[in-house]
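Working notes, structure below.
Quick note: the coordinates plus some simple rules give every number you see, no bench work behind them. These numbers come from a predicted model, not from an experiment. Because the Cβ atoms are built from the backbone with ideal geometry, glycine has one as well, and the counts that use them run over all protein chains shown.
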Amino acid sequence: MPITHHGICRFCKHPYSGTGTIFCSAQCRVDHDRANNSHALIRLLVSELTDDMTKHWSEYPCLEWSGYCNQHGYGEIAARVNGTRRVHRLSYELFHGVLPKELSACHHCDNPPCFRPIHLFAGTTIDNMRDAASKNRLRPCRGEASVRAKLTDEQVRHIRELGAEGSLSDAKLAAMFGVGHTTISDVILRHRWRHID
């Protein structure tokens, strides 16, 4: 009769009961092995870099992660705690030392899959935004250029025309344009979309 073990999973750190294992599931065993292999690969790549830190970062090409990348293009690997780690942050820490949680590993090269340590610098979210603004990388977030926009510039003009006529209520306009009546009111009163005539 197999012996049942009670313990904490070595990968996900959740309690488990099982027979002859240190993992709560086969998936945790696979993820643990994958994480160890990925960490070892990054350690090897970073340790073999001979970047002269006195030179400018642009003198070295990007070192791009060829494994899994998230929807924003950043390389990620399985981690023992909290699911995943960003490859560029791990690379920064292996090369420069531990990075406090309030700081990010930012890219000089603006290339999310790059994990070359000389291309990375520690910075706050504000530092990263300033860097993006100085390179004109920030997308305008007004009007229809915003990813959260539910109306186009033309629809806003049309709502204002219909609102000025007074023939339709805010509720009817809201139903026509697929937004809430508060949005319609804000558009007509220019509390939103002020930049549109």
Q. Expressed in whole Å with the largest first, what are the equivalent ellipsoid semi-axes of the range 79-147 derived from the C-alpha gyration tensor as the square root of 5 times each eigenvalue?
A. 25, 15, 11
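Report the trypsin sites (Lys or Arg not before Pro) located in the range 76-127 that are in a DSSP loop and have at most 13 other Cβ atoms inside 10 Å of their Cβ, or state none. Kindly include the intermediate steps, with their values, before the conclusion.
On the way: sites: Arg80, Arg85, Arg86, Arg89, Lys101; in loops: Arg80, Lys101.
Sites meeting the loop and neighbour criteria: Lys101.
Within 10 Å of each residue's Cβ, count the other Cβ atoms and sort Asp52, Asp186 from fewest upward.
Listing Asp52, Asp186 from fewest to most nearby Cβ atoms yields Asp52, Asp186.
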Q) For the range 90-104, list residues with backbone N below 19 Å from a point placed 7 Å from the Cα of Asn70 toward its Cβ? A) 90-94, 99-104
Q. Counting only residues 5 or more places away or on other chains, whose amide H sits under 5 Å from the amide H of Thr84 once H atoms are built in the peptide plane?
A. Ala79
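Counting other C-beta atoms within 10 Å, which of Val179, Val87, Val187, Val98 has the fewest, and how do the rest follow? Each step should come with its number before you reach the end.
Working: Val179 17, Val87 28, Val187 25, Val98 8.
Ranking Val179, Val87, Val187, Val98 by Cβ neighbours within 10 Å, fewest first, gives Val98, Val179, Val187, Val87.
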(Q) Output needed: percent of Cα pairs per 5 Å distance bin for the range 145-197, bins running from 0 to the one holding the longest distance. (A) 4, 22, 37, 27, 8, 2, 0
